[in-house]
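The values are calculated or read from the model by the stated rules, or taken from the named source; none is laboratory data. Note that this is a predicted model, so its numbers are computed, not measured. Cβ placement follows ideal geometry from the backbone for every residue including glycine, while neighbour counts extend to all protein chains displayed. Remember, those area values only see protein heavy atoms, side chains included, never the ligands or the DNA or RNA. Shrake-Rupley method; radii C 1.70, N 1.55, O 1.52, S 1.80 Å.
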Amino acid sequence: MCSDPEFFSRFSLPGNDTSAGAVLYIAGTVVLTAWMRRAEFRRGGRAAGVATLDLLSSISLAMPALAYWNANLGARLGDGLLRLLFVLGLLGLFGFVVHDARAMLRHPRLSERQRRRFAAIGAAAVLLPSTLEVWWGAEALAHQHASPEELAQNRGLTPV
């Protein structure tokens, strides 16, 4: 199978050195949040409002993570806004993990043991993919951005 070494560079944001792999990862976490909340969006009312808040908190966490990969974006947004978005994203992340775990612990058709297992699995399924976003966002707030070597390495990745 032949792989194209320029594959990821086609998806880079125009005019900057943002890694396409990181952009796809971050966009994937936001899309996954929207997909997981699709039932609440369809229901409408209060449930859709809660789902919208969860999606906004996911976007808030994604912006500082993108600023790690693109120093120009971080400079345009500024430290104050990045810090606010990061804090709102973290509050939303942990708040909705607790909200969803409590909802699972009240599930009427499962045994107590099953409720605990599914609550733990659900929390891990949300927290684990977000760890990179939290790390990248914290690094961006500390003004540590992806090095040129790291950007070049990620651009050199090819699909298998």
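General observations
- Picking from residues in the range 71-85 that are of a type in the set (A, V, I, L, M) and at pLDDT 90 or above, the one that is least open to solvent (accessible area, probe 1.4 Å) is LEU82.
- The one condition from (1) at pLDDT 90 or above; (2) closer than 23 Å to LEU55 by Cβ that ALA125 does not meet is (1).
- Among residues of the range 134-160 that are among the basic types (Lys, Arg) and modelled with pLDDT under 65, those with a beta-carbon under 8 Å from a residue that is surrounded by 11 or more Cβ atoms within 10 Å (Cβ to Cβ) and not in a helix (DSSP H, G or I) at least six positions away or on a different chain give the pairs ARG155/SER12; ARG155/SER19.
- Of all residues making up the range 108-125, the number that are open to solvent by 60 Å² or more (accessible area, probe 1.4 Å) and outside any helix (DSSP H, G or I): 2
- Inside the range 88-106, residues that are open to solvent by less than 60 Å² (accessible area, probe 1.4 Å) and more than 22 Å from LEU141 (Cβ to Cβ) make up a count of 4.
- Residue check, GLY21 at pLDDT below 85 and open to solvent by less than 80 Å² (accessible area, probe 1.4 Å): yes
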